[in-house]
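*Asks:* Let me begin by handing over the structure; questions about it come next.
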Amino acid sequence: MQPERVQITEEKLLSDNWYVLKRYTFNILGKNGQWTTQQREAYDRGNGATILLHNPHTDTVILTRQFRLPTYVNGNPDGLLIEACAGLLDNDDPEMAIRRETEEETGFRLTAVQKVLEAYMSPGSVTEKLFFYLAEYTADTERNAGGGVDEEEIDTLELPLQQAMTMIETGEICDGKTIMLLQHLRLQQIAKAFTQN
């Protein structure tokens, strides 16, 4: 019987100020059959969900814009980031969480969402797994104010899908999850058009 490939020998809490940062010491079995000891830090902020709202009649999408400090300290001049609606699960299942986040951030109350994928977004240092969704909206979709909760100051943007795709090329949209959702939606449209011809 093969031994476990990874054996965690020490787990040390470095910070729990905002979320949880730990340093792990572990033994790992290499392809050469030799064990080595390594250390890595992992940031645990919980899992999250993200969603792209699309109006198929007008071919528009709903995105958000808010200040993101990590982007500011890494060269984003005003720190504002255009992105798909997203948030942490906070012990909810992913679908319930994304419905809550959508209403808090954009104001839209959704009746149906479609899960499209799951992905680790920064697996070298962050434990978070993100659940990706698409949903349709129309001018008649029930809506309240949105804008976020607590200290959040979130603007809601309605853009033509083609403009959003162009904004990826120009760098105006540079958030990974948003790019993934926009490209997924565009590929769905291309596939649908191909099958109809």
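The values are calculated or read from the model by the stated rules, or taken from the named source; none is laboratory data. Quantities reported herein were computed from a predicted structural model and do not represent experimental measurements. Heads up, the Cβs are rebuilt from the backbone with ideal geometry, glycines too, and the neighbour counts pull from every protein chain shown.
*Asks:* Can you confirm whether A193 is in contact (Cβ under 8 Å) with a residue 12 or more places away in the chain, among the small types (G, A, S) and not in a loop (DSSP other than H, G, I, E, B)? Walk me through it before giving the result.
*Replies:* Numbers: in contact (Cβ under 8 Å) with a residue 12 or more places away in the chain: no; among the small types (G, A, S): yes; not in a loop (DSSP other than H, G, I, E, B): yes.
No.
*Asks:* Give me the pairs, please: first residue somewhere in the range 29-42 and closer than 25 Å to L13 by Cα, second residue anywhere and basic (K, R), beta-carbon distance under 9 Å, and either six or more positions apart or on two chains.
*Replies:* Every condition considered, the pairs that remain are L29/R5; Q39/R23; R40/R23; E41/K22; E41/R23; A42/K22; A42/R23.
*Asks:* Take residues that are crowded, with 17+ Cβ neighbours inside 10 Å and tell me which of the strands (runs of 3 or more DSSP E) falling wholly in the range 29-118 contain 1 or more.
*Replies:* Where strands (runs of 3 or more DSSP E) fall fully within the range 29-118 and carry at least 1 residues being crowded, with 17+ Cβ neighbours inside 10 Å, they are 48-55, 60-67, 80-83, 85-88.
*Asks:* Does the range 157-179 hold any residues that are of a type outside the set (A, V, I, L, M), part of a helix (DSSP H, G or I) and farther than 20 Å from A49 by Cα, and which are they?
*Replies:* Q162, Q163, T166, E169, T170
*Asks:* Follow-up question, since we're still on this one. Does the range 48-65 contain any residue that is free of Cβ contacts under 8 Å to residues at least 40 places away in the same chain and charged (D, E, K, R)?
*Replies:* The answer is no, given that none of the residues of the range 48-65 is free of Cβ contacts under 8 Å to residues at least 40 places away in the same chain and charged (D, E, K, R).
*Asks:* Something else about it: Tell me, which residue of the range 144-183 that is modelled with pLDDT under 95 and of a type in the set (S, T, N, Q) is surrounded by the fewest Cβ atoms within 10 Å (Cβ to Cβ)?
*Replies:* N144
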